[in-house]
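The values are calculated or read from the model by the stated rules, or taken from the named source; none is laboratory data. Given the structure is predicted, the values throughout are model-derived calculations rather than measurements. Positions of Cβ are backbone-derived with ideal geometry, glycine not excepted, and every protein chain shown enters the neighbour counts.
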Amino acid sequence: MNAATQRPAFPFAALIGQAPLQQALLLAAIDPGLGGVLVSGPRGTAKSTAARALAELLPEGQLVNLPLGASEDRLIGTLDIETVLRDGSVRFSPGLLAKAHRGVLYVDEVNLLPDALVDALLDAAASGVNTVERDGVSHSHDASFVLVGTMNPEEGELRPQLIDRFGLMVELQNCFEPLVRQQIVKARLAFDFDPLGFRAGYARQQEAYVQRIRAAREALPQLAFDDAVHAHVSALCIAAAVDGLRADLVMLRAARALAAFEQAAAVTTEHVERVAEAVLMHRRHEREPRAGDEARDNAEPRHLASDAVETSSQDSALSTAAGDSDWGYLPPEPAGITQVKGVIPLSAKKH
């Protein structure tokens, strides 16, 4: 980051009360193939501050903003077809995806973008490659970036098909803890008053983050998943009734990224547990009962069923002996029947 042209960023290490968001952003930084982070929350919950702080920890230190009014060409780039027809060469004008390579692409109010743009964003974020095609001519380039999309639920939701493609999701809430609010405000005032002095106090922690992200990226290929980890991921995803297998894949990759960040020797079920909520938050469904579930519920052990019948009979006998009965119960009474003249029975009607 060029300090002469960009204002200093609030240090990632100085964020307060944002542990779930910090973890999700770090995991996406370690493995950009997770598909980005969707951050949902009201205004003023430091969504953009956190994204800008993360960018500073990455190799290029680059934060690219995608404005709401951006066109598809501005996002993915353009091809000069006339040049191809004239001399056979491909002339490519890079877009924001190329600029965001090795950095952070920040999309505020992603839920208000056209679906086509969100699709292009998520494709590139998951694959690390951007491909532009025009009239049979194509060009591809590396586009490995951390996608951070934010949204305010009060202003509309993303379509389920799109929200599922974000790797992780964090839901921020307004802070109503007085001490935490005071700490956040004090830190922000100190930063605004003396940005360079404030940042100097976190320089060592910031450098530690940079080194750990770099080491974690290098360690990813060496970490594998044993059967216990696979089984635990499957159980969590089945219990959440997720659609498809994307949640399983993202949860395994996120758990591996967390293990790498913590310099663990192997991925464990504890790592899975710590990333599960961010993976399942936007994919969880209410599970509908199935015929097999009902059959299992009805397949009660014989001795338990007998005990239940016996207990019920004993309770009934005790209740009768005590002179108790169903409170408010009334015996059935015959209802009066009134004959109505002039009504033709349906069976007697002519067809």
key: Conditions (1) over 19 Å from the mean Cα position of the chain (by Cα); (2) free of Cβ contacts under 8 Å to residues at least 12 places away in the same chain: number failed by D123   = (1)
inquiry  = Being touching a residue at least 40 places away in the same chain (Cβ under 8 Å), assigned to a helix (DSSP H, G or I), among the hydrophobic types (A, V, I, L, M, F, W, C) and closer than 15 Å to L236 by Cα is the filter here; which residues of the range 253-289 pass it?
reply    = A254, V272, V275, A276, A278, V279, L280
task = State whether the residues of the range 78-98 include one that is crowded, with 17+ Cβ neighbours inside 10 Å, assigned by TED's automatic domain parsing to the domain that holds A46 and touching a residue at least 60 places away in the same chain (Cβ under 8 Å).
result = yes
request  = Go through the range 32-44 and give me each residue that's crowded, with 21+ Cβ neighbours inside 10 Å and farther than 20 Å from L158 by Cα.
outcome  = P32
remark   = Among residues of the range 150-170 being in a strand (DSSP E or B) and at pLDDT below 95, the residue farthest from L26 (Cα to Cα) is M151
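Would you pick out the residues in the range 100-127 that are surrounded by 19 or more Cβ atoms within 10 Å (Cβ to Cβ) and part of a helix (DSSP H, G or I)?
Step one: list which residues in the range 100-127 are surrounded by 19 or more Cβ atoms within 10 Å (Cβ to Cβ), which gives 100-101, 103-108, 110-111, 113, 117-118, 120-122, 124-126.
V110, N111, L117, V118, A120, L121, L122, A124, A125, A126, listed by residue number.
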